[in-house]
Amino acid sequence: MAAPLAEVGRAASRRPCGAPLIEFRDLGKRYEFPQGRVVLDGLSGTIGAGEFLIIVGRSGSGKSTLLNLLGGLDRPSSGCVSVDGHSLSALSDRELTLLRRRRIGFIFQAYNLISTLTVSENLLLPLELNGLTGAADTVRRWLDRVGLVGLEEAYPDQLSGGEQQRVAVARALVHEPDLILADEPTGNLDLDHATRVVALLDELCRSSGKTLVMATHSREVAGKADRMLTIHEGRLLEVRE
Amino acid sequence: MRYLLAALALAVLVGIGWWLIADTADPDQQSVTKAAAFRAPEDDDMAGYAKVTGPRPMQFPEDHGAHPDYRIEWWYFTGNLATAQGRPFGFELTFFRFAMAPSMPPRASDWATRQMWVANFAVSDIKPERFRFFKRSQRGAVGLAGAQTHPVRVWLDDWQVRAQSVDSLFPARLQAEQEGVGIDLHLSSAKPLVLQGDAGYSRKSADPGNASYYYSYTRLQAQGTLSLEGESYPVSGTAWMDREWSSSVLAADQAGWDWLSLQLDDGRDLMLYRLRRRDGSADPHSAGTVIGKRGESQHLTAADFTLTPLRYWRSEATGVSYPVTWRVQVPSQHLEFDVEARMPNQELDLRVRYWEGAVSVVGENISGRGYLELTGYGSEDQPGAPADG
Amino acid sequence: MTQSVLRAGRRALWRHPVQLLLAVAGVALGVAVVIGMDLANQSAGTAMRQSMEAVTGRITHQIFGGPEGLPEALYVKLRTRLGVQQAAPVLAGGVTLAAAGNRPLTLLGIDPIVDAPLRGASAVPQQGEGEQGILQDLLLDPGSVVLPAEEAQRLGVVAGGTVTVQVGGQQRRLHVVAVAEDSDHDLSGYAFADIATAQEVLGRIGRLSRIDLILGNADAVNRVRAALPPGIVLVPAAARANAMQQMRAAFQINLTAFSLLALVIGLFLVFNTMSFMVVQRRRMIGILRAVGATRRQILAQVLSDAALIGLLGTAFGVLLGLVLGVGLVDLVGRSSTHSSFHEAIMRFQIEPFSLAKGFLLGIVGSMLAAVPPAFEAATVPPRAAMDRSELERQAHRGARWAAGFGGVALLAGGVILVASSGLIAAFTGLFAVILGASLLAPLASARLTTAMARLVPQRPIARLVLRGVAASLSRTGVAIAALAVAISAVIGVAVMIDSFRGSFIVWLQQSLRADFYIATTQEGGTVDDALAKRIESLPGVAYITRSRHYRLPSADGFTAIWALGLERRGWQSFDIRAGDREAAWLAFRSGRGVLISEPYAYKHGLQVGETLALRTALGERTFRVAGIFRDYGSPYGVVLIYRPAYQRLFADDRLSGLGVYLSAGSERGAVHQRLEAAVAGLAGVRVRDTQSIREHSVAVFDQEFVITSVLRLLAAMVAFVGVVGALMALQLDRSRELAVLRAIGFTRIQLGGLITAQSGVLGLAAGLFSVPMGLLLAWLLVFVINHRAFGWSMEFTISPMPLLEGVGLAIGAALLAALYPAWRAARTLPARGLREE
């Protein structure tokens, strides 16, 4: 069990730019109810390391589902996802968890900060989970980067939506994952704030060579992406460079 | 805790006694008709008791007292009373003595005795037709119950009849009270004592051993108070006293008796009893006595009179039907009249169950009052009586 | 709109079947515990009344004489001259069965003719044939007795056989005319006879022990009283019933206390369930309000759902309560040493009042409990209603209010306890204190865990665990209170029993100092002083104490008199609680002063220096209370008097028992044998080793408290189950947060650990809080309830075991509660949790 994990965990930084980090093939997802609704229907593709990929589509087109499958939050009904050539479906829950913990950062539309923890504690959480040292400094640095210095001791519900999402961005990046999965991170924000959050994400990922996959229904924020996938009714419609 | 257990244990044990002499017992299971109670126990048990086999001289006041060697004995008071306004009442107060054994070794405790006493007390409130009756049991020892002479006193607890003078029974005071129902009567005799049967020897069947000694005071003037539900009524009227003792009254083929004591308004008194056989017919040993105005008595044999039941009343409490209206015919005395219960329900639903109640004499030229006693009904030996009157 | 609002509420219920089940179970448990406890309590009460009625029957009064009993002529006079028809004589005395190892029997003489009608038909035995002769045999056959089955079996006799008894050194042959069925062994130790036989066998011709009476009114009472010769008293049976009631009072008090506790726990369970339901749908309420639902519609929705849960819960609760009640009744009956009590209690009765209470709690209580949070949620602006932080701020305010209210309740309870003197007031105060303390629990737990969280700054996982309690007070507050009440009850009762037991054992050690005790085992049994003299002169015996126990009839019942021929060296066996030890000795020795036991002092409101009057054979005499001593032997108290003074005043030289002290160096076994030889042939006299008396006493004590312990466990179990449900619902409510944690990188085990740790902290907080609360409860039980019920004082003993048990139980409940949510959270895919509301 330890060997592939170690590989998954460590090989990242040595990966040459452009080589695929994620590969998904014939990815399908069906829900039993109602009437075996098909959410994703045979999607295939690759995502290269350091790439900024945007997935657009209308609400309900399957963006979130695709993102959940890529992040190992959900199991596909058919097909497979592999990260670094390791099929996620072959990983045990523990391996999958460790993969998420170390190499993936999640950002949600609803921020999903832990309400009982302060801003800095929310950031500390992934660091502590990964057993990283020098955490306090790291947290301060990241708060500085997302422009929230001075709000360390605030609780999430004391912040505005934009501030909360910036905390969520910092939490997703604080432990230096290879892959950021952002599901409608701007969905709850106005265009101004949305643009700023996307710009922040873009900047942070590019500066450290991280892969960013972002699902969104608004093309306004998509301009900076390397690539854009469009999903319609569970199918991949176009891939634009 | 020990004390508690003791008392509990006691309660359980006394249940045995309760079962035996419970006042109101389950009619289906436990009632014994009066006739059955007075029937000789199965012969061998009779051994040792004194037997009534023929006339014997009577001596008073000694014979007013108890005759402990005979198995059964009673002092029977019945009467019809009324207030000055005419509100009518009937009463019955009887003392029974039963010997449980013919003899007993001497014992140190005064509580030891072979004599068991039972007393019945009933008041018939005729206007609203309410009948109240009570029963008490007591051992004939330590002064709890008994009969004594000089002066005559027969008592059970505080129910008693007591002579007012040393050597004659009457005048006497008759007292009983329970649960607010009571009588306190002064009795004086208008006529001398009547020896029934053959000088007091009253034969009840072909077997001369089935007999009793029997005498009566047939016309007692009663005056005093009767209390009922907290009210006390001054009353007066006529009463009757019956005295009998025996060791065996009924023969095996006899079911019970119908007994009448009547005080007629022409001054005559009449006592009649009809011994009923199990087949329903009247036993030839049925008999009676007619007592004239001045106390002269004349014995009546079964051939001298007829008693015909006219109407029955069925008790709701026990389901037993009693003949409560009779046609009485004594041709030799030119007597023919009906006797009607003054109220139908005068049934004493005790362990020894019987009907005893105030009656009226209804005839063309005659009237009167009296008491009717019906025993032996409702047992398995009762002949088929009509289901309803 | 209203239909949609209602539908939304109903759907919210069906959507989470486990939570719905837990809610229904919460109400059901609350209702069940109240009904079950109530039924047990009422059945026990009824049984106690019945067993008392079985003893006294409808007896209203009893006539007692002096130590010699009373003359039979008095009975005859009552019946024939006073017309007292409802009267029955009793003569009791001791005999010994030589054939059964000198087993003592009490021969009870009664008048079987008048006894049963007097006592009522309740005790009619359902025996078949043969009794027709029993009455006659009892009356006619000298020396005839009825033996209970157990005694007959022991002796190997059947009806018709004979047994030989020893009485007063003589042998008597008794005929067994019947063997009484006695499946409950109530009659063991007794033989029954007609009063004539009893007088003859016991050699008490002309005497009775007592007369039982039914007297209908004050008039009759006065008439009888006026007719009694001096030295003979008429005692209301109620006074005796009171004494018996007191004997069993410990028992009933236990049940009442637990009923009360059940009510508190039930209230909390119902309240917890309903407020949790509302809290869960706060967001929905906000949305509904936003789209235009009126407050009334919101209230209608919440109340209709509360009514539904209440109805379902009550229906199950009533059934469960009946089952619980039957079980408890059975338990109470079985652990009772008194089997007729057992029988009576098994005639389990469903009291309409209990059911009404259950219904009220279950349905009305549910709806009432739902109103405040629903009203609050419907009142705040819709946006705030959707806001979790607003809710928690509310909860903290609520906790502060509750704590304030709890403080007031505590204070009020304290005032009631201090200012009042009655037992009912004591229970009211106890109720207020329990309620008050439990209302403090949420805030105290929040403060405690917040403080703990401060100890681990920068440790988000630890803080996640610790802050869970305070941060979700809206959901945890009531559960903590319920758990704290239950655990404090467990601790409180255990500490109380420990204290009582400890004091009891110390008292036994101190007061039982002789090496052997010789005593009569029969009610009122006595021995002559000749025996004392014989024993005094036995080799190896240093000295003896002479002791006489006499129940002096008094107008309001009995005064237990203990006449003790005590020498100065024996004085130390008394634990004098009030009064000067030295002065008390002198006053006692002079015969002018008496010592009274604590219960006697409490019940008669007597202090040292005051006087009490006793009706002696020489007329009424007053005695100074020279001291008050500790005595757990009699719950209704005893008056200790110097025996020479007693002999003079009561003209009674007999003895109930002797304490035998051995001289130094004497051989115990040999002396024991000599003592046994000295008492051989004396009816019901036994030699007992002091150690065995102590052991027996402690065994009896433990037996008395078996029920208490079981009820304690039951209360704990019900609370346990209820709290497990509450905490489980709490965890199930957090699926979204748990999914986020999974996404961030919590493994299943970590997540399970987190849930378990959070729940455990909750349990720990409640457990820690319940330690002082339990001690407070124990303190009140020992010093207030116990004192007011019996007048006993005792030392307060705290051993660590009950405290550890309590905290352990709390944590155990909390951990158990975490199992299912942890398992469920771990096996749910994070994506699914993220979609949850």
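Annotations for the structure displayed:
- Mean projected area in nm² (Cα convex hull; one quarter of hull surface) for chain A: 12.8 nm²
- For the range A:21-238, relative contact order (Cα pairs under 8 Å, six or more residues apart, normalised by length) works out to 31 percent.
- In plain terms, the chain from B:R294 to B:S227 could stretch by 20.8 nm, reckoned as 0.36 nm per residue minus the Cα-Cα distance.
- For the range C:769-796 versus the range C:452-486, the gap between their alpha-carbon centres in whole angstrom: 31 Å
- Euclidean distance of C-alpha centroids, the range C:394-443 and the range C:739-760, integer Å: 37 Å
- Extension gain for the segment B:T301 to B:R327, taken as residue separation times 0.36 nm less the Cα-Cα distance, is 7.6 nm to one decimal.
- Within 10 Å of the Cβ of each residue in B:100-111, the mean number of Cβ atoms contributed by other protein chains is 6.
- Sequence-separation-based contact order of the range C:485-626, relative, with Cα cut under 8 Å and 6+ spacing, percent: 15 percent
- Shown here are the Rg and Dmax of the Cα trace of the protein assembly as shown, at 47.3, 154 Å.
- A Förster distance of 51 Å, applied to the separation of the beta-carbon atoms of A:N188 and C:L713, puts the FRET efficiency at 0.45.
- Residue mean of other protein chain beta carbons inside 10 Å, C:731-741: 2
- Site pair A:H86 and C:Q691 shows an inter-label distance of 7.3 nm when each label is modelled 7 Å from Cα along Cα→Cβ.
- Rounded to the nearest 10 degrees, the inclination of helix B:2-21 to the longest alpha-carbon principal axis of chain B is 30 degrees.
- Sorting the segments A:168-181, B:340-353 by their mean number of nearby beta carbons within 10 angstrom, highest to lowest, gives A:168-181, B:340-353.
- Spatially proximal lysines relative to B:K51 (Cα-Cα < 16 Å; intrachain offsets below 8 disregarded): B:K204
- Karplus-derived 3J(HN,Hα) values for the range A:87-104, using 6.51 cos²θ - 1.76 cosθ + 1.60 with θ = phi - 60°, are 5, 5, 5, 8, 7, 6, 4, 5, 5, 4, 4, 5, 4, 4, 4, 8, 10, 10 Hz; glycine and proline are entered as x.
- With R₀ fixed at 35 Å, the C-beta to C-beta distance from C:L423 to C:R569 puts the FRET efficiency at about 0.35.
- Packing-based ranking, highest mean first, of C:368-377, C:668-677 given that Cβ atoms within 10 Å are counted: C:368-377, C:668-677
- Order of C:L682, C:L138 under a 10 Å beta carbon neighbour criterion, fewest first: C:L682, C:L138
- Straight-line reach from A:K29: taking Cα to Cα under 21 Å and skipping same-chain neighbours fewer than 8 places apart, the lysines in range are A:K63.
- Taking amide H positions as modeled 1.01 Å from N, with prolines and chain starts lacking one, the residues under 5 Å from A:G79 and 5 or more places away or on another chain are A:G28.
- Across the range C:652-667, coupling constants 3J(HN,Hα) worked out from phi with the 6.51/-1.76/1.60 Karplus curve, θ = phi - 60°, read 9, 9, 7, 10, 9, x, 10, x, 10, 9, 8, 7, 4, x, 7, 8 Hz, and Gly and Pro carry x.
- Those lysines that a straight Cα-Cα span of less than 25 Å connects to B:K293, excepting residues fewer than 8 apart in one chain: B:K191
- Alpha-carbon centroid distance for the pair the range C:577-618 / the range C:189-203, whole angstrom: 38 Å
- Taking the average, over residues, of other Cβ atoms within 10 Å as the packing measure, peptides C:436-443, C:542-549 rank C:436-443, C:542-549 from highest down.
- Exposure proxy ranking, count of Cβ atoms within 10 Å, fewest first, for C:H696, C:H787: C:H696, C:H787
- Average beta-carbon neighbours from other chains, 10 Å sphere, peptide B:152-158: 3
None of the figures in this text is laboratory data; all of them are computed from the coordinates on show. Given the structure is predicted, the values throughout are model-derived calculations rather than measurements. Here Cβ is always computed from backbone atoms with ideal geometry, including for glycine, and neighbour counts include all displayed protein chains.
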